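Engineer: Quick one: the structure is below, and I'll ask about it shortly.
The values are calculated or read from the model by the stated rules, or taken from the named source; none is laboratory data. Here the structure is a predicted model, which is why all the values come from computation and not from measurement. Cβ: placed from backbone, ideal geometry, glycine included. Neighbour counts: every protein chain shown.
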């Protein structure tokens with residue numbers, strides 16, 4: 001992969017998706033879900049900007065999450081996938097982060113789950129996932 005410049009990778013599609021999720025009404029899942037917290041929305045956008053500026057010159061558009069989803073407690077989840085590994089990062093209404101890193105496949109899968117992690121810890125685990 002050739003090195004990208006910061007302007008090569010646009011966050012517009014994922015930021016648009018997060019904006020749509022932030023507009024969900026209470027009970028969006030018909031089971032009493034809370035709307036996406038404005039704090040979680042802002043922290044998710046900030047996280048993506050940090051990832052872009054620290055990693056896009058190295059890995060290009062791999063910085064873009066595979067998916068973004070709301071969580072019933074008002075959190076947002078961003079997911080990254082590589083051929084053998086997955087990372088789910090939860091951005092919570094209390095401004096904290098948690099993550100689940102799944103490495104490998106089948107019987108060789110290993111799980112690493114951490115709660116109440118800092119932004120720098122999230123950036124570190126994203127870079128470990130995306131930089132071979």
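Engineer: Return the residue satisfying two criteria in turn: it lies in region 89-120 and is within 13 Å of the chain's Cα centre (by Cα) and within 19 Å of residue 56 (Cα to Cα), and of such residues it is modelled with the lowest pLDDT.
Structural biologist: Out of the qualifying residues, it is 119.
Engineer: Moving to a separate point now. Which ones in region 1-39 are surrounded by 15 or more Cβ atoms within 10 Å (Cβ to Cβ) and at pLDDT below 95?
Structural biologist: Hits for region 1-39 are 4, 9.
Engineer: I need the full set of residues from region 95-110 which are crowded, with 16+ Cβ neighbours inside 10 Å and touching a helix residue (DSSP H, G or I) at 6+ places or on another chain (Cβ under 8 Å), in order please.
Structural biologist: Once the filter is applied, which keeps residues that are crowded, with 16+ Cβ neighbours inside 10 Å and touching a helix residue (DSSP H, G or I) at 6+ places or on another chain (Cβ under 8 Å), region 95-110 yields 97, 99, 101.
Engineer: Pairs under 7 Å by beta carbon, first residue over 20 Å from residue 117 (Cβ atoms) in region 43-67, partner part of a helix (DSSP H, G or I), six or more apart or different chains?
Structural biologist: 56/63; 59/130; 62/130; 64/14
Engineer: What's the total number of residues in region 40-77 that are over 19 Å from residue 8 (Cβ atoms), over 10 Å from the mean Cα position of the chain (by Cα) and surrounded by 16 or more Cβ atoms within 10 Å (Cβ to Cβ)?
Structural biologist: Total satisfying the criteria: 7.
Engineer: Further question: Considering only region 81-90, I want to know if a residue exists there that is more than 19 Å from residue 127 (Cβ to Cβ) and either in contact with a strand residue (DSSP E or B) (Cβ under 7 Å, 6 or more places away or on another chain) or surrounded by 15 or more Cβ atoms within 10 Å (Cβ to Cβ) (or both). Break it down into steps so the answer makes sense when it comes.
Structural biologist: Restricting attention to region 81-90, the residues satisfying the condition of being more than 19 Å from residue 127 (Cβ to Cβ) are none.
Checked against the condition, which is being more than 19 Å from residue 127 (Cβ to Cβ) and either in contact with a strand residue (DSSP E or B) (Cβ under 7 Å, 6 or more places away or on another chain) or surrounded by 15 or more Cβ atoms within 10 Å (Cβ to Cβ) (or both), region 81-90 yields no hits at all.
Engineer: Check off (1) in a helix (DSSP H, G or I); (2) touching a residue at least 24 places away in the same chain (Cβ under 8 Å); (3) within 19 Å of residue 10 (Cβ to Cβ) for residue 20 and give me the number that stays unchecked.
Structural biologist: Among (1) in a helix (DSSP H, G or I); (2) touching a residue at least 24 places away in the same chain (Cβ under 8 Å); (3) within 19 Å of residue 10 (Cβ to Cβ), residue 20 violates only (2).
Engineer: Looking only at region 10-34, count how many residues are over 16 Å from the mean Cα position of the chain (by Cα) and within 20 Å of residue 89 (Cβ to Cβ). Show your work before the answer.
Structural biologist: Of region 10-34, the ones over 16 Å from the mean Cα position of the chain (by Cα) are 23-34.
Still in the running and within 20 Å of residue 89 (Cβ to Cβ): 24, 33-34.
Result for region 10-34: 3.
Engineer: List the number of the failed condition for residue 62; all other conditions in (1) modelled with pLDDT of 95 or more; (2) in contact with a strand residue (DSSP E or B) (Cβ under 9 Å, 6 or more places away or on another chain) hold.
Structural biologist: With respect to (1) modelled with pLDDT of 95 or more; (2) in contact with a strand residue (DSSP E or B) (Cβ under 9 Å, 6 or more places away or on another chain), residue 62 is out only on (1).
Engineer: Considering only region 111-129, how many residues are in a strand (DSSP E or B), under 21 Å from residue 83 (Cβ atoms) and in contact with a helix residue (DSSP H, G or I) (Cβ under 9 Å, 6 or more places away or on another chain)?
Structural biologist: Within region 111-129, the first condition is being in a strand (DSSP E or B), and the residues that meet it are 111-117.
Those left that are additionally under 21 Å from residue 83 (Cβ atoms): 111-112.
From what's left, in contact with a helix residue (DSSP H, G or I) (Cβ under 9 Å, 6 or more places away or on another chain): 112.
So the answer is 1.
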